[in-house]
Amino acid sequence: MRRLGSRLGSGKAPALTPYGTPLPRVVHSRLAPVKPGRLIVVGDLHGTPELFTLLEKLSYQPSHDNLILVGDLVNKGPASLELLEALPRLEAAAVRGNHDDAALAAWLEWRQQGRPLPSKFAWSRDMTPAQAEMLAQLPFTLTVPQYGVAVVHAGLVPGVPLEQQDMWACYKMRNLVPHEAGGGDGGGDGVGSADATSTTSSTRSTTSSTRSTSTSTSTSTSTSTSTSSTSGGARYTAVEKAKEGGQAWAPLWPGQPPAQHVFFGHDAKRRLQRAPHATGLDTGCVYGGELTAAVLPPLEDLVESSPGFVEAMQDGRPLTREDLRVRLVSVPAARVYSPPDTHAGATAVGAAGTATGAGTELVR
């Protein structure tokens, strides 16, 4: 299995992300303040301009609504720089995707060490230091406690507190491989396990956009797998590739606070995922599919209209899309910007038929 970044000794926090970039000031962040309008979470952009079409369809108001992007803002599509330029104006918050971190790593090596930029990162030659800093400060998770939701690029491992989630898993995992407690770790090395030693500190900072955030940070070593132990004695290894086995992590997510419902991306092959307590929003826009948003009502309206939401928040129980009154809205890609990779596969192209199946509003 591929191993990213460098590792420090046991019990020590890494100084770098899995792709070798400096850690953001806040690794696990919290949206603050929450504006009085809607909460809008948008799937993987990959440098596609459909974000502007989608926000126009939603009549998005930056001064009133809350916009969160699930990461992979850049790479593959033609509008990476245009999107980075627009994020502050849109007052968008975002979490870090693996492509965001990889692009930043390549840019830093080019600027600081004179290494040539790989062709897939050639667009970043025109990225400004301020835009690179935006990528550098993207957190790995972003919670919205008032709604009981969390946003992560790839996934979370059940049984591991949010602040102890492994950085690699947060932006690379797709599957969980279960195995018996006390047995082999399925190819992992115990990274991110609930009983593993981790270093945690409290800090305050800002997201890569103009939104202010604060929470505790947690760091862990970076590998291609991550394991956890759950209260039931089961253990999971987080893996990325289907050939490594396991099943999609989202149906296994128990809705543990503060992530009573999770919104995520990174999985274009599975397209729109509707697990009980997690929603996958990567519908393959860059591959010719769609760009999808989960739209939640303003908090005041949600409290008034959803007894299930109020009860779940009071009891700390998992939240469903019905509790949250989620509306799924998609716009089709204008074209195929990038051929599907080996994970996304041809099924991601023309994904419109999938997202429309359960109340998704498709804009044509």
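The values are calculated or read from the model by the stated rules, or taken from the named source; none is laboratory data. Computed from a prediction, not measured in an experiment: that's the story for all the values here. Neighbour counts run over all protein chains shown; Cβ positions are idealised from the backbone, glycine included. Remember, those area values only see protein heavy atoms, side chains included, never the ligands or the DNA or RNA. Shrake-Rupley method; radii C 1.70, N 1.55, O 1.52, S 1.80 Å.
Within the range 73-83, the set of residues being assigned to a helix (DSSP H, G or I) and farther than 28 Å from Leu156 by Cβ comprises Leu81, Glu82.
May I ask you to say which residue of Ala130, Ala93, Ala103, Ala86 is within 19 Å of Asp282 (Cβ to Cβ), in a helix (DSSP H, G or I), at pLDDT 95 or above and of a type in the set (A, V, I, L, M, F, W, C)? Don't jump to the end; show me each part of the working.
Details: Ala130 fails: within 19 Å of Asp282 (Cβ to Cβ); Ala93 fails: in a helix (DSSP H, G or I); Ala86 fails: within 19 Å of Asp282 (Cβ to Cβ).
One residue alone meets the criteria, Ala103.
Give the residues of the range 51-72 that are on the phi < 0 side of the Ramachandran plot, among the acidic types (Asp, Glu) and either open to solvent by less than 10 Å² (accessible area, probe 1.4 Å) or part of a strand (DSSP E or B) (or both), sorted by residue number. Reasoning before the result, please.
Filtering the range 51-72 for residues on the phi < 0 side of the Ramachandran plot gives 51-58, 60-70.
Next, from what is left, pick out any that are among the acidic types (Asp, Glu): 56, 65.
Across the range 51-72, the qualifying residue is only Asp65.
So which of Arg335, Arg364 is over 23 Å from the mean Cα position of the chain (by Cα), among the basic types (Lys, Arg) and modelled with pLDDT under 80? Talk me through it step by step, then tell me what you get.
Details: Arg335 fails: modelled with pLDDT under 80.
Within the list Arg335, Arg364, the selection yields Arg364.
Taking the options Pro307, Pro340, Pro298, name whichever one is open to solvent by 40 Å² or more (accessible area, probe 1.4 Å), modelled with pLDDT of 95 or more and not polar (S, T, N, Q). I'd like the intermediate steps shown before the answer.
Numbers: Pro340 fails: modelled with pLDDT of 95 or more; Pro298 fails: open to solvent by 40 Å² or more (accessible area, probe 1.4 Å).
Pro307 is the lone residue from the list that is open to solvent by 40 Å² or more (accessible area, probe 1.4 Å), modelled with pLDDT of 95 or more and not polar (S, T, N, Q).
Selection of the range 313-328 for residues being among the aliphatic types (A, V, I, L, M) and closer than 15 Å to Pro145 by Cβ yields Met313, Leu319, Leu324.
Using the structure shown, decide if Arg317 is in contact with a strand residue (DSSP E or B) (Cβ under 7 Å, 6 or more places away or on another chain) and either modelled with pLDDT under 95 or surrounded by fewer than 19 Cβ atoms within 10 Å (Cβ to Cβ) (or both). Full working, then the answer.
Numbers: in contact with a strand residue (DSSP E or B) (Cβ under 7 Å, 6 or more places away or on another chain): no; either modelled with pLDDT under 95 or surrounded by fewer than 19 Cβ atoms within 10 Å (Cβ to Cβ) (or both): yes.
Here the answer is no, as Arg317 does not meet what is asked.
Within the range 146-175, being under 15 Å from Val26 (Cβ atoms) and not in a helix (DSSP H, G or I) holds for Ala150, Val151, Val152, Gln165. Quick check on the range 21-39. Is at least one of its residues hydroxyl-bearing (Ser, Thr, Tyr), open to solvent by 10 Å² or more (accessible area, probe 1.4 Å) and either within 14 Å of Gly97 (Cα to Cα) or without any contact (Cβ under 8 Å) to a residue 60 or more places away in the chain (or both)? Taking every residue of the range 21-39 in turn, none turns out to be hydroxyl-bearing (Ser, Thr, Tyr), open to solvent by 10 Å² or more (accessible area, probe 1.4 Å) and either within 14 Å of Gly97 (Cα to Cα) or without any contact (Cβ under 8 Å) to a residue 60 or more places away in the chain (or both).
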